[in-house]
Structure formats: structure tokens, C-alpha cells
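The values are calculated or read from the model by the stated rules, or taken from the named source; none is laboratory data. Keep in mind it's a predicted model, so treat the numbers as computed, not measured. So basically every Cβ, Gly included, is an ideal-geometry build from the backbone, and we count neighbours across all protein chains shown.
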Amino acid sequence: MNSQVNLQVSSTVTATAPAQGTEARFAYRALSFRRRLILAGLFCLLLASFVVDLMLGPARYSATQVLDALLDPAGVPAALRVVIWDIRLPVALMAVVTGASLAVAGAQMQTILNNPLASPFTLGISAAASFGAALALVFGVGLLPIAADYIVPINAFLVAMATALLIHVLSQSRGVTTETVILLGIALVFTFNALLALLQFFASEQALGAVVFWMMGSLTKASWSKLAITTGVFVLSLPFFFRHAWALTTLRLGDDKAASFGINVRRLRLEIMLLVSLLAAVPVSFVGTIGFIGLVGPHIARMVIGEDQRFFLPASALAGAAILSASSVVSKSLIPGLIFPISIVTALIGVPFFFSLIMSSRKRAW
Amino acid sequence: MVSLALKGVGVSYGRRMVLQGVDTPELRGGEVVAVIGANAAGKSSLFRRIAGLVLGTGQVSISGNSIVAGRARPSACYLPQDTAVNAVLTVYESILLAFKQGGSWSVSDAELRRIDAVLRELEIEDLAFRGLGELSGGQRQLVSIAQTLAREPDILLLDEPTSALDLHRQFEVLSLVRRLAHERRMLVLISIHDINQALRFADKVMVLAHSRLVALGAPREIVTPALLADVYGVRARVEVLDGDQPHVIVEGSVKHAA
């Protein structure tokens, strides 16, 4: 009976109506199967990009050498092992985890605020992190008495979280719409940018260079310990999102309907906002400002797979991870021997790609 | 069988009181109660209060249990007036969401059959895999009704569910709601602006005006020219058609007559 069901080639969000006498549940099963295939395709893309990312650098290796070094470290030359395991692997994995974290954070911000413009970047969380980092870089001011190595990321994290909480508290005020929240986010972006400019004005030449470099975002700051923290936050947040997959999908039907279907909308929104703030703030505090992923990753996922969170969430994570991993590849390929700041690459590649997707898409994503 | 009773129920938004002192006798499953009244009479607020979606004064009891304000009751399902959404979901998925909350990620055949049955009942199988954003206003209303029916609630609160439907669809949907209410012993509260539709399909009529309940009872007992003048400000005759059914004929505005 499945063979009677035709799915549209152009979009996976919809399928054609079932043929006369065919129950719609078979078409639904076919649609779910197709979405699993898309997820598998996205995973393969990510895997390919990840391997290429490991191949590229001042010394170029073949895919076979990379796979040998990964699967049998003791069996390859020491130089190859050190380059892959100690230098490139943390950076390549950081690209994957950061991309996935930012995309999931963006996806859930868009879901709970019911607005396609929501992302860590547009809500001012990234700008807040930059300001916190700049405080440490320019004045050496740490918001917590901790080891000097972690002053910058901790400052970035604390200011980003405080901003996220401020956004949440204000968004709960009476009469505040999701549009107001986005406007508030834009106002915060301008405020933190102005404060950042003020810090740069007072900064020494050396500190100014450090601030600018941090703001451009760089995966080369990655280390195994930073990767472990970022991955830990990402992995620990997933079960919560998975547990609320049905409720989060239902939020998109509107607050009244979601509440009527038994969902505690207010509480869910608070919990998700806190979690996504953490998810966005941690990677940004380690690798600097990386815009665009949190906005584009979910949009691509939504276009190819729809908004059923069981598929949308992993698709967003895979799309974000693949984009940042591919950006890492490009940042190393443009000029041999030179690694471009990652946020420049994500914007330069991502924007035209995103526009082409929007213009060629026959279905509205929002 | 489910029952619903309201005692001194009121709703206010800030300092603005939209509903106060609503008392009803026990309304029982198997009945269709049409809630009528002018715009902003408090019909939606009453539904939201019964569903537990807004805070308020007084007591709402479902089958003898007082409901916790601010928390939805699984047994009561509210269909809001505004059903426009921009979610990238199919109609089929949106109906699944109506009853699939929490629990497993996998969807059983029984759950899918439940959706198929609702689609068949409303004759909207052809919409199953259309995106929600592609639907017309009337189709959106049908899908929303499908979602509410799929929940199989004991109390169904339908807020102007037929306002965007053509005459044929209005008749079909209201007939279906009436049949299901009787078959499943479900209590249906439905707000409709077309008073003749309300009189035709409802077992009882509840009239709201001036933020209060002004009448509740069988259609032919309570719908009178005086009530219509008070609630809607119109001059109207009430005729009784075949089958003992009252029918309202509006002749003009009370204001113009004065």
C-alpha cells in the first residue's frame, strides 16, 4: 500500500493527499521515513566536511591518512598523530559542537518566541558576550575570582546569561509581544556595541587587537578542556529538549491551543529560555562571536524537514554543525597558510547560500 | 457522565471586568449549549475560564471537582477563535499534536487511525498533508475542529468555530458536533453569531450581556423580542417553524426606531 503514496520531490514538509481509499497514515509513515533519510544525508554531509577539515592545514593529509590516525593512532607516524589529535581534532570538533549548539539555541529561541528573527546574535546574547570578554581583555576585570586563563570566557558567559535573563524577565511583562522581545534584543545589540566601542576607545593597542580578534570568532582558541565543557552542556541539554519535543512543536500552534492541549506554556518557555541561553553563551564565550549559524541553521532545517521537533531539532543541530564545519574548511582553503576568522567566513558563505535557498524555495518556511 | 457548574464566575483583565457573577445550574454531557451575545460580551473569556486558561473569581466545577485556575483540564478542550498559524507543519501532524503530549516519540498505528477517523468524519482527508500556512480561513477552522475532536474531550468549548465556513460546511460541522455530543455524551459549549444556527442546533441557549449571564434555558423559552432588543439592540420577531423551532427575523435597529 505504501507504493501508492507519492511524496512531492520539492518539499518534505508536505506530501500529496493519499489516493482514494488509501488511509493517510501510510502517507505519514512514508513522510517520516523520508525525513529520517534526510537526517542521514545531513549526517553524511557533516561527516564529509569533518574529515576534510582534518585533512586541511599547513600540512595537507589524505583522507586515508586522517582515518588511519583517527582509528589507529599508534600505527601512524608521531607527527601525523600529534597534528591530528592535538591540533586539528579539538578545532574540528569544536566547529561541530559550536555549530550544533548555536543552531539548536536559535531553533528553540525561534520556537518559543514564535519569531523567525530570533537567534543568539539578534537577541543581543552574542553582543553581550563580546562586551563581557572585552572587559577582561581591556581592563583585566574578572566578574568572578577565577583562574586567569578563564577570565575571558567566564566574563563573556556571565554577561550573556544576565542578558538572556533580562530578556526573559522583560518578555514576561504584561502586554509584551514576541515582536517587542525582538526589538528589545536589537536595542541590546546596539547598547552592547556602543559599550564595546567605548572599551575599545580606552584600550591599549595590544588589548584592542585582542578584542577585535575575539569578536571575529576563532576556532583556533579551542582546546580539549573547552571542547569538553561545550560538549557537556550540549549533550546534557538534549534530553530536556527531546522530552519536550511534542510540547515544543505544539507551541507553534499558538499559546491558547498549546495551553488547551495541556501544556504549561509559561513554565516551558522559561525553562527553554534559560537552557538555550546557556547553550548559546558557552560556545560563544570560548570561541568568540560567531553570528548567523543560530539564524540560518534552523531555517535550513525547517525548509527541508518541517517543524516536528523530533526531526527539526536534530536537523537544526546537523545543519548548524555542517555549516560551521564547512566554514572552517573554507577559512583554511582561501589562502594557503592563513586561517580566516570564522565569523567572516560564515557570513560571506552563509548569506548568499541562505538567500539562494529562500529564493528557490517554493514553500514558505514561515 | 460529565457535568459542568459555574458559581459566581468572573474574569477581569487588569482593572477591566469582562465577566462577573455567572451562575449556572449543572449542565450535563450530551447537551449542546449555544453561548450567544454581542461582541465583547465575554463569551471567549468564559470559555477560557472554564478551560482553566485564565484566572478569575468564582468556582468552575467539572463533574463535582473544582478546577485549578491557570491550569488546563484534560477533560475540557477549548478551540480558540483565532486559528491562524505560520508553523511549517502538515494538517495531519497538527491533529496528532492535539492528543500526543509527553510520552514516547514513536507514533502507534492506533493513534494514526484516530487521526484518519477524524479526517474522515469531517471529510477533510484531502487536506491531510497540506501545510497549515496554505489553508484558507474555513479550512483552518475545520482543522482546528478536527484537532479538538481528536482529543476526545468530555467538554468541548468551541469559540465561533463556523465563522469562516460556507453555509454547507456550517450545517455539516454543527450537525456533526450535535451528533457527537449525543453519541459520546459530551457537553458542548459553542459560541455562534448566527442566532438562527444557534437556535437550530443547540439544546440550550446561554445569553451573555453587560458582562453577565442574562438567560439560560431552552431556545424557545428564552429567546424573545425583548431579550434580543436588550442584548443586540435590534427589533426582531420570533417565529416558531415546523418542528417547534424558533426562528428570529430581524426588522431593524432599536436605536433607529427610537
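Overview of values
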| quantity | calculated |
| --- | --- |
| Pick from segment B:178-191, criterion modelled with pLDDT of 90 or more and buried (at least 17 other Cβ atoms within 10 Å of the Cβ), ranking: nearest to B:Val18 (Cα to Cα) | B:Ser191 |
| Residue in segment B:37-48 that is under 20 Å from B:Thr148 (Cα atoms), touching a residue at least 12 places away in the same chain (Cβ under 8 Å), more than 9 Å from chain A (Cβ to nearest Cβ) and touching a Phe, Trp or Tyr at 6+ places or on another chain (Cβ under 6 Å) present | yes |
| Subset of segment A:222-259 that is at pLDDT below 90 and outside any helix (DSSP H, G or I) - its residue that is farthest from A:Met109 (Cα to Cα) | A:Ser223 |
| Counted residues, segment B:112-124 - those being buried (at least 17 other Cβ atoms within 10 Å of the Cβ) and more than 17 Å from B:Leu165 (Cα to Cα) | 5 |
| Tally of residues being buried (at least 20 other Cβ atoms within 10 Å of the Cβ), out of contact with any helix residue (DSSP H, G or I) (no Cβ under 6 Å at 6 or more places or on another chain) and at the interface with chain A (Cβ under 10 Å from one of its Cβ atoms) across segment B:133-153 | 3 |
| Subset tally (residues that are facing another protein chain (nearest Cβ under 8 Å), under 14 Å from A:Ala27 (Cα atoms) and of a type outside the set (D, E, K, R)) for segment B:86-95 | 2 |
| Subset of segment A:33-85 (residues that are buried (at least 19 other Cβ atoms within 10 Å of the Cβ), over 21 Å from A:Lys332 (Cβ atoms) and touching a Lys or Arg at 6+ places or on another chain (Cβ under 9 Å)) | A:Arg35 |
| Answer from A:Met161, A:Met216 - the residue that is surrounded by fewer than 17 Cβ atoms within 10 Å (Cβ to Cβ), hydrophobic (A, V, I, L, M, F, W, C) and under 19 Å from A:Gly288 (Cα atoms) | A:Met216 |
| Qualifying residues in segment A:263-283 (those that are over 18 Å from the mean Cα position of the chain (by Cα) and modelled with pLDDT of 85 or more) - the one surrounded by the fewest Cβ atoms within 10 Å (Cβ to Cβ) | A:Arg267 |
| Options B:Val248, B:Val231, B:Val223; residue that is closer than 19 Å to B:Lys204 by Cα, touching a residue at least 60 places away in the same chain (Cβ under 8 Å) and not assigned by TED's automatic domain parsing to the domain that holds B:Glu31 | B:Val231 |
| Within segment A:260-354, helices (runs of 4 or more DSSP H) holding 1 or more residues that are free of Cβ contacts under 8 Å to residues at least 24 places away in the same chain | A:265-287, A:309-333 |
| Set B:Ser175, B:Ser191, B:Ser253: member being touching a residue at least 40 places away in the same chain (Cβ under 8 Å) and hydroxyl-bearing (Ser, Thr, Tyr) | B:Ser191 |
| Listing of helices (runs of 4 or more DSSP H) fully contained in segment B:198-258 that carry 2 or more residues being of a type in the set (D, E, K, R) and surrounded by fewer than 16 Cβ atoms within 10 Å (Cβ to Cβ) | B:219-222 |
| Output for segment A:171-183, where each listed residue is without any contact (Cβ under 8 Å) to a residue 24 or more places away in the chain and either farther than 27 Å from A:Arg267 by Cα or under 24 Å from the mean Cα position of the chain (by Cα) (or both) | A:Thr180, A:Leu183 |
